Amino acid sequence: MADFLGRTEAGAVFRALIAQAQHDPAFAADFRARYLGRRRALDRPPLERAARRGELPADLDLAAETERLVGPVYYRVLVTGEPLDDDFLDGLVDAFLATLR
């Protein structure tokens, strides 16, 4: 997901669509209905696999935890413009896992 958002042309288009959604309520509703569900579905499988392997608690709210994990990535891409480098991503995952212990 970080590669998609921060390093691909498709990610650049996605970021532009998110920006447009901030100014156009009709577009925002259509964008959320048609695309964000699919994007969210692509973000969740790593946590689903980890839960199946027993690496995460079985009763974990995967939807909420996925949002908590990917939120900082979106913030960096859309707000601060700071890089999505390996140090940031590794630290994010480490902090996420530490809260689950």
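Values in this text are rule-based calculations from the coordinates and carry no lab data. Please read all numbers here as calculations on a predicted model, not as lab measurements. We place every Cβ from the backbone using ideal geometry, glycine too, and count neighbours over all the protein chains shown.
Taking a ≥ b ≥ c as the square roots of the Cα gyration tensor eigenvalues, with a/c under 1.5 meaning rounded and otherwise prolate when a/b beats b/c, else oblate, which class fits region 58-97?
Cα axes put region 58-97 in the oblate bin.
Could you please report the charge total around A2, scoring K, R as +1 and D, E as -1 over all other residues with beta-carbon less than 10 angstrom from its beta-carbon?
Residues near A2 contribute -1 overall.
Rule-of-thumb check for the chain: C-alpha Rg over 2.2 N^0.38 Å?
Cα-based Rg divided by the globular estimate yields 1.16.
Return a whole-number percent for the relative contact order of the chain, with Cα pairs under 8 Å and 6 or more residues apart as the contact set.
24 percent
Sum up the charges of everything whose Cβ sits under 11 Å from the Cβ of R76, counting Lys and Arg as +1 and Asp and Glu as -1, but leave R76 out.
Surrounding charge for R76 is -2.
Under a point-charge model restricted to the Cβ atoms of Lys and Arg (+1) and Asp and Glu (-1), what is the dipole moment magnitude of region 1-73 relative to its Cα centre, in debye to the nearest 20?
About 180 debye.
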